[in-house]
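We did not get these values from a lab; they are worked out from the coordinates using the rules stated. This structure is a prediction, so every number in the text was calculated from the model and none was measured. Please note: Cβ atoms are built from the backbone with ideal geometry, for glycine as well, and neighbour counts cover all protein chains shown.
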Amino acid sequence: MRVRYGPQLSALAVVALMTAACAPSAPEVVEEQRLAMGSTLHLTARTNDAPRARAAFAAVFAEVERLEALLSTWRPGSDVSRLNAAAGGAPVPVQADTRAVLRAAAQVSAWTEGKFDITFGALAEVWKFDHDQDNRVPSAAEIAARVPRVDYRRVVVDDGAGTAAITRPDLRVHLGGIGKGYAVDRAVAILRAAGLRDFMVQFGGDLYVAGAAGESPWRLGIQDPRGAPDDPFAVLELSEATFSTSGDYERFFEQDGVRYHHILDPATGQPARGTRSVTIVTKEALWADGLSTGVFVLGPERGMALVERLPDVEAVIVTAENQVLVSTGLRDRLIVRRPPTP
């Protein structure tokens, strides 16, 4: 998964269009990528000091590795794994980063009326969309037995004690819907501290752009949910902002003409219907990551109403009927190249 410097489009859920030409005297474009948290972390910078950029990239990769060791459910010794293992028992010591992500997740859950919920672990036992995808539709009984085991209000964070707890023994936390956003924000802080001004951090569907892409602003494309990944239906110029997309095309399977995807409604235990994709634009990737999922599950009307209430948050929503909804702050900025594919 790469974003290439130039006019091409990469085959990504979020497409970065870097359109400026590079004259011989222009700053060098430095790019590196690495697998982390189940996605590809891709870093790009325009700089006159390539060694400084590469050193900053190495610091970012080390930081993301550190965060993955805290936040991953696949690592037995991680904060999240220890928290899940102690569910229903005493609080466990966790790092400040873990507490920050847990607190942010609770805030997004409150904003979205519980439609974003990190305690979906019970549902992940029967819906397989990760490396263990089995293309099986769980029975109604299997789902019904697990819906009561999803409740974000059962996660308690105590910053004074440096602990977190799950107050029910049958709940399990997963931070896949918000952890990468936190990692993007940490990457941005490291690159800024290194003195880089023009850069992009892309981590799966989460992306942050700073400065400019040469002579022009960064131009970001929104993937057509039913079209080719390298042919976005809309383009947006951004800088000093984050851009996160959740879509029903990311991890899914089809059975008997029905699309089953990984964005589950905690209230029903079923894949959320009514939306094809949600793109959130704001200042911090942590919020964009969680909100893109929560707004997707809320649905187009309620989701857009929430976006309009939140300060400095914008959205582009493609509905199940293929309508494009654009928040007030983006209506004069979004370039719609064509309608999304039906």
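From the residues Val147, Thr319, Ala193, which one has its Cα farthest along the dipole of the chain in the positive direction, the dipole being from +1 and -1 charges on Cβ of Lys/Arg and Asp/Glu about the Cα centre?
Val147
Tell me the trypsin sites (Lys or Arg not before Pro) within the range 190-276 that lie in a loop according to DSSP and have at most 11 other beta-carbon atoms within 10 Å.
none
Looking at Gln202, Pro217, Gly176, which one has the Cα that reaches farthest to the positive end of the dipole of the range 166-220 (charges on Cβ: Lys, Arg +1; Asp, Glu -1)?
Gly176
Taking a ≥ b ≥ c as the square roots of the Cα gyration tensor eigenvalues, with a/c under 1.5 meaning rounded and otherwise prolate when a/b beats b/c, else oblate, which class fits the range 263-342?
oblate
Between the DSSP loop rule and a limit of at most 12 other Cβ atoms within 10 Å, which GluC sites (Glu not before Pro) in the range 252-342 are left?
Sites meeting the loop and neighbour criteria: Glu321.
Taking neighbour counts of Cβ atoms within 10 Å as a proxy for exposure, in what order, fewest first, do Asp230, Asp289, Asp265, Asp332 appear?
The most exposed by this proxy come first: Asp332, Asp230, Asp265, Asp289.
Using Cα atoms only, what is the angle between the long axis of helix 300-309 and the major principal axis of the chain, expressed in degrees (0 to 90) to the nearest 10?
On a 0 to 90 degree scale, this one is about 70.
Reachable aspartates and glutamates from Lys115, Cα under 15 Å, same-chain residues fewer than 8 places away excluded?
By straight Cα distance, Lys115 reaches Asp151, Asp265, Asp289, Glu301.
Rank these for me by crowding, Phe253, Phe57, Phe129, going from fewest to most other beta carbons within 10 Å.
Least to most surrounded, the residues fall as Phe253, Phe129, Phe57.
For the range 175-318, which semi-axes, largest first and in whole Å, follow from the square roots of 5 times the eigenvalues of its Cα gyration tensor?
27, 16, 14
Give the order of Leu191, Leu306 when sorted by the count of other beta carbons within 10 angstrom, beginning with the fewest.
Leu306, Leu191
Could you derive backbone 3J(HN,Hα) for the range 263-275 from the dihedral phi with the Karplus parameters 6.51, -1.76 and 1.60 (θ = phi - 60°), listing whole Hz in sequence and x where the residue is Gly or Pro?
Here the 3J(HN,Hα) series is 8, 9, 8, x, 6, 10, x, 10, x, 5, 10, x, 9 Hz.
Taking the 0 to 90 degree range and rounding to the nearest ten, how far is the long axis of helix 285-298 tilted relative to the main principal axis of the chain, both from C-alpha atoms?
60
Can you tell me the orientation of helix 50-71 relative to the chain, as the angle in degrees between its alpha-carbon axis and the longest Cα principal axis, to the nearest 10?
It is inclined by approximately 10 degrees.
Let me make sure I get this right: for the range 60-134, a, b and c are the square roots of the gyration tensor eigenvalues over alpha carbons, sorted descending. Under 1.5 in a/c it's rounded, otherwise prolate if a/b > b/c, else oblate. Which is it?
Rounded shape, in that the Cα axes give a/c under 1.5.
Any idea what log10 I(q)/I(0) is at q = 0.09, 0.10, 0.15 Å⁻¹ for the chain, Debye with uniform C-alpha scatterers and no solvent?
-0.47, -0.58, -1.29
Work out the length of the dipole vector of the range 192-339 about its Cα centre, built from +1 on the beta-carbon of each Lys and Arg and -1 on the beta-carbon of each Asp and Glu, and round it to the nearest 20 debye.
Using Cβ point charges on Lys, Arg, Asp and Glu, the range 192-339 gives about 120 debye.
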